Structures are given as structure tokens and as C-alpha cells.
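Encoded as C-alpha cells, the structure appears first; notes follow it.
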Amino acid sequence: MVPDAAVKHYEQMQRLQALVVLAGAQLWSEVSLTDLSGSWAAQVPLLVPVLSGVQVKAASAGASYGAATLAEQSLYEAPQHFVNPKGFSGIASDGRSLEGALYSAVPYVKNLIGGGMAPAQALKSGGSFLTTITRTQVADAGRGAAGVDTVTRNRVSYVRMLNPPSCSRCSILAGRVYRWNAGFRRHNRCDCIHVMTTARAAAETEGLIHDPYEYFKSLSPEDQDKNYTKAGAQAIRDGSDIFQVVNSRRGMKPGGLMTTEGTTKRGNFRATAGDSTRGRRLTPEAIYKLNGDNRAGALKDLEKYGYILPGGQNPLGSITGQREGFGALGHGGAHPAARKRVEDAITNGRDPAVRATMTESERRLFDAKARWELVQQGVNPYGAPSMTPRAKINTSPLTPQISAQVEKDYRRWVATGGQVFK
């Protein structure tokens, strides 16, 4: 059962998004096709403070609901630091200014018109595009703050909560337990949120583990085809691993018949298929197309190309391996000092000041600040012993160009909390 606090937070985020969407729609209605750029440029300054203010509210909500979520599970952990909600407002989640993000609706409309779409229809599509922008910025502010709040609490992990209807990518990510150093992957208009917990056992006890196959079966055949593609949905119905089917689309080549997913040196498909496929992997679309009405042949090829797995349709994934790594600095556990720090953090709780156990976002901000401090001292940070591997240490002088680049980087990471949004 999902904690009531998490459900209420999701509902609150929906209300906050609706406020900005409504404001954006009202201002977009003032846009004129005779002067797209000028008419929208006059409205953007009116929308920016509204969106920025709602971002603060979303970040405040995101930073607060985790405590109640943990308390419902009797797993409360006090934060070591408090999140600053204002740090998640006033800037777009991809690093652009809010003005730039909102104004991008105009080039979007112009591109549609240039492609042959009727101007009135293009303008309507521009409104939908603007809705996507505003909804995403509000949601990302809340998720960003929730992620930082998770990091501030020792021994706390998070489970990704699915809010149906959801896309295929979200359906296979939901329900997994992630530790502090795992980013929250999302797409435009993604409405998944964090549900804090302390361990997989606790997540299973609380019923937070999500079964993607149950979600798939809850959909009508038409919605299955729509969310997972017709061939992908059929492959899942025929017994294929849902994770392999969905992930195959990441490396799909033009034409949709081949994929590079799993074919790299360390890829599971390449390791299990050996030379039988010469490193080439067909997509489910190609398999059904080549086999036509021959279902037995299709099933044989689904197994041959790594979609039907020996472990069957396991909601936790049939491919086993290292579930938890040692971070970017641990190199798979090969670096003893970093490995020891991560092991200590897992057992005793994390010290946010230890670089080896920082999240990627924390490390970006930490390093950017350190480089900026060296610039202020007149030192080239890209050659300094404290910032550079021993083999690459040099004595190159600090130049104005380097100083300006370091300042730019520091401003960017301060504004985004070190996060990269995709």
C-alpha cells in the first residue's frame, strides 16, 4: 500500500501544475499569428513570476512529504540538513532561464508552420507545448527537492511511485529501490514521484514493490499496443521479458528492425547469444515481420534474440548481477579507499562531506565550488594537484578564458543544485 503522504503529495503536485497551466493558457490566448514573437514576448514576463513562485511551493512540498512518508512506515530518519526550496525556482530544469524555456513555444510554432501545418493548428499545438513546459518545470522542482531531502537522511533510499496511466519506460522503472546516489530519470510530463523507505525488505513489507507485468495486464489490448508498441506488446503477451522489450527501443536503428541494446562488450545479449547472431540483434518488430503467421518461429526468434529469458517474466528482472555499485569514484570496487567509504556509508549512514559517497549532483556542485575558489586564488584549477589526477598535473597559468568558464560552470551548478535534467 502506497503511504497516504505520498498520495497526497502527488495530488498536491497536480494542483500546483494546474495553476501554472491555467495561467499559461490564459496568456497564450493573447498571442497573435501576425506577430508571434512580439505578442508572446510581451506575455512571458507575466508568466515567469507565476511559474517561479509555484516552483518554490512545489520544492517546499517535495522537501517536506518524505518525513511523513517515512513516519507512516515507522522508519523516520531525521535530516542532517534542510533543503532550500528557493534553490529550485527561477530556472528551468535543463539549465536555461525560465524566460528562455517559455519563449521556446514560439520557435516551436514557427517550425510547425514552416513544415506545412495550418497556422491556427500550429498555434494550438504551441499551447500544448507550453503546457508540457510548465508542467515539467513544476514537477522537476518538486522531484529535485525530494531527491535532495532523501540524500540528507541517513540510511534512506527511495522507491519510484507510478501514477497510471504511465508510459512503458516509467512502468519498468517504478517500484525499484534506489539508493541515495541514483538519479531520478524522467521525461517531459512524467508524474512519477519518490516514496522514501530504508531498505528493500521494508519496501516489500509496505507493499511498495511494483509489478510491471500486473500493470501491463491491467491495460486493455489497445492500450497495451499504444504504450508498448504493437509488436512490443505482442512480445510481452507471448512471454518476453518486459524489460528487454522496452529497453530494446533505446538502441533501435532507423527502420526499427535492428537494435544495439545489449550488444556491447558487457551487454547481456552479447554475453548469452555468443556468435550465434554475429552480434546483430533483431527487434520484436523485425521478428514478427519476418515470421509472419509462423508463431512457433516467432517464439523461437524471441528466445534467440534475448527477449524470452530462462528466468521467465520476473517482475524484479530475470537478469541478475550487481544490484548496487560503488559509485563513479569506486570503479566497480576496484578502488579500495572509495569502496570502503561506500561500504561504511551503507552500514552506518552517509557523511555528505565525503566525496566518494556524494551523489553525482552533489559532486558537480562540490567540484565547481572548489574550482571557483582556486580561481579566486589565482590558480588554474584544471592543473592544480587538489583537482587533477597525479599523471595530469601541470603548471599552466590561469587565463581569463578559464576564469570565465569556471565562473559560468559554478553559476550553472549553483542554480540547478548540481543536477542534470533530461
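If you check Ala78 against the conditions, is it closer than 25 Å to Lys8 by Cα and not in a helix (DSSP H, G or I)? Against the criterion (closer than 25 Å to Lys8 by Cα and not in a helix (DSSP H, G or I)), Ala78 qualifies. Selection of segment 82-103 for residues being part of a loop (DSSP other than H, G, I, E, B) and within 19 Å of the chain's Cα centre (by Cα) yields Ser89, Ala92, Ser93, Asp94, Gly95, Arg96.
Within segment 230-272, how many residues are among the hydroxyl-bearing types (Ser, Thr, Tyr), buried (at least 20 other Cβ atoms within 10 Å of the Cβ) and in a loop (DSSP other than H, G, I, E, B)? Count: 2. Based on this model, can you work out whether Thr131 counts as part of a helix (DSSP H, G or I), crowded, with 16+ Cβ neighbours inside 10 Å and in contact with a Lys or Arg (Cβ under 7 Å, 6 or more places away or on another chain)? In short, no. When the residues of segment 16-48 are filtered to those that are among the hydroxyl-bearing types (Ser, Thr, Tyr) and part of a helix (DSSP H, G or I), the one that is surrounded by the most Cβ atoms within 10 Å (Cβ to Cβ) is Ser39.
For segment 134-156, residues that are surrounded by fewer than 24 Cβ atoms within 10 Å (Cβ to Cβ) and closer than 29 Å to Asn227 by Cα total 2.
Just to be sure, is Arg350 closer than 30 Å to Thr272 by Cβ, among the basic types (Lys, Arg) and at pLDDT below 70? So Arg350 fails the test. Might you let me know whether segment 123-137 holds any residue that is basic (Lys, Arg), over 25 Å from Thr357 (Cβ atoms) and either assigned by TED's automatic domain parsing to the domain that holds Asn84 or touching an Asp or Glu at 6+ places or on another chain (Cβ under 9 Å) (or both)? There is at least one residue in segment 123-137 that is basic (Lys, Arg), over 25 Å from Thr357 (Cβ atoms) and either assigned by TED's automatic domain parsing to the domain that holds Asn84 or touching an Asp or Glu at 6+ places or on another chain (Cβ under 9 Å) (or both).
The values are calculated or read from the model by the stated rules, or taken from the named source; none is laboratory data. Keep in mind it's a predicted model, so treat the numbers as computed, not measured. Heads up, the Cβs are rebuilt from the backbone with ideal geometry, glycines too, and the neighbour counts pull from every protein chain shown.
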